Amino acid sequence: MLDSVSSPPHAESGPRTADHPPVISGLIGVLLVNLGTPDATDYWSMRRYLKEFLSDRRVIETRRLIWWPLLNLVILSRRPQRKGRDYASIWNRELDEGPLKTITRAQADNLFDWLAKGGIGANGARLRVDWAMRYGNPSIASGVGRLKELGCDRILLVPLYPQYSAATTATVCDKAFDALATMRWQPTLRVAHPWYGDPVYIDALAASLRDGLDALDFEPEVILASFHGVPKEYLLKGDPYHCHCQKTGRLLREKMGFSADRLIITFQSRFGPAEWLQPYTDETVKALAQRGVKRLAIITPGFTADCLETIEEIGVENRDIFVEHGGEEFARIDCLNADENGMAVIRSVVRRELMGWI
């Protein structure tokens, strides 16, 4: 948990009886929230994490009568071992945690430093910063609770998803309001609007992509902008995620001056037999290699921090697919993470969303 400055919280003024509990209020909290990560890579840690994630009705909308036995009797008996091996391959062994946790903490620390140094002026003294995970630890409830205990009677919730989906942003909001439901004195909650078309975000993506390409010893013939997929059914029910991804990709393509054949939008990480948003990343990688493309790079604009889906799925699985089918040079471009490009976006979002509070 992070205090943006060392000044004490504001105590409520006015007369109080001898048995009146102490009241601290008047501060503003910022809670950064990302998807989540298991506590460890062993079977039971992975099982707990996957069960929480795959039991979310926003993530899996299949009828419970069908999904419950499939999840508990089939998926959770097999998938934890395989995913545990995948997580072990990218695990931050120095801190004994997944990279998503390491990076999200760094983003919160960086935001704290910026606020403490007057990033938004003197009003930064009223701000406190914390971070949480939707699945796993630290939980959203604990983050909201810590900020409330510090004296934050207003909290800005920042789901770290540039593109809105019910399976990501909405479920973060659900969990935050579940936490508020347990409180007698609820802080006022504000949720950051998604920033899929924000010029600061597009500029940061373009700068990061240029830096990544400049660092390569080859020039990619094709670049994929790979977003996490969702079932196509969610789009048909009205979820705006597909449209948000398409706008991000189009604006990035225009910013870079690339044609539609040079920068292609794809969707990864599909799960189960249902049709998901297309084109699929892995099938596109295979098809490009088969048609003679020898040099390929992939960026993942929908992820604010590198994680299993970017480091292992893109950097290992899709690299192997590309090489196996005739490709020669492959690169995975890092996410924005906690570097200057990534923090420029988070700072801009926080500054924008705090208007009227500071």
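The values are calculated or read from the model by the stated rules, or taken from the named source; none is laboratory data. Bear in mind that the values here come from a model prediction, so they are computed numbers and not experimental data. Don't worry about glycine lacking a Cβ; one is built from the backbone with ideal geometry, like all the others, and counts go over all protein chains shown.
If you go through the range 122-138 and keep only what is touching a residue at least 12 places away in the same chain (Cβ under 8 Å) and not in a helix (DSSP H, G or I), you end up with 127, 128, 129, 130, 131, 132, 133, 134, 135, 136, 137. From the list 86, 153, the lone residue that is touching a residue at least 40 places away in the same chain (Cβ under 8 Å), closer than 25 Å to residue 241 by Cβ and more than 16 Å from the chain's Cα centre (by Cα) is 86. Within the range 189-223, the only residue that satisfies the criterion of being in a helix (DSSP H, G or I) and among the basic types (Lys, Arg) is 210. Using the structure shown, decide if residue 229 is out of contact with any helix residue (DSSP H, G or I) (no Cβ under 6 Å at 6 or more places or on another chain), buried (at least 20 other Cβ atoms within 10 Å of the Cβ) and assigned by TED's automatic domain parsing to the domain that holds residue 278. Against the criterion (out of contact with any helix residue (DSSP H, G or I) (no Cβ under 6 Å at 6 or more places or on another chain), buried (at least 20 other Cβ atoms within 10 Å of the Cβ) and assigned by TED's automatic domain parsing to the domain that holds residue 278), residue 229 qualifies. Evaluating residue 54 against the criteria (1) surrounded by fewer than 16 Cβ atoms within 10 Å (Cβ to Cβ); (2) under 19 Å from residue 171 (Cα atoms); (3) of a type outside the set (Ser, Thr, Tyr) leaves one unmet condition, (1). A Cβ distance below 7 Å, combined with a sequence gap of six or more or placement on separate chains, defines the contacts here; from the range 342-358, residues that are under 18 Å from residue 123 (Cβ atoms) and in contact (Cβ under 8 Å) with a residue 24 or more places away in the chain reach residues that are of a type in the set (A, V, I, L, M, F, W, C) and part of a helix (DSSP H, G or I) in the pairs 346/111; 347/111; 347/114; 348/200; 350/111. Within the range 142-166, the set of residues being assigned to a helix (DSSP H, G or I) and more than 16 Å from residue 191 (Cβ to Cβ) comprises 142, 145, 146, 148, 149, 150. Being in contact with a Phe, Trp or Tyr (Cβ under 8 Å, 6 or more places away or on another chain) and among the aromatic types (Phe, Trp, Tyr), is that true of even one residue in the range 302-315? No, the conditions are met nowhere in the range 302-315. Looking across the range 255-304 at every residue that is of a type in the set (Phe, Trp, Tyr) and either within 25 Å of the chain's Cα centre (by Cα) or closer than 14 Å to residue 319 by Cβ (or both), the one that is surrounded by the fewest Cβ atoms within 10 Å (Cβ to Cβ) is identified as 271. Please verify whether residue 283 is among the charged types (D, E, K, R), in contact (Cβ under 8 Å) with a residue 24 or more places away in the chain and assigned to a helix (DSSP H, G or I), treating the condition exactly as stated. Judged against the criteria, residue 283 is not a match. Would you be able to say whether some residue in the range 224-235 is more than 26 Å from residue 342 (Cβ to Cβ) and assigned to a loop (DSSP other than H, G, I, E, B)? No, every residue in the range 224-235 fails to be more than 26 Å from residue 342 (Cβ to Cβ) and assigned to a loop (DSSP other than H, G, I, E, B). Considering each residue of the range 126-138 in turn, at least one proves to be among the charged types (D, E, K, R) and modelled with pLDDT under 95.
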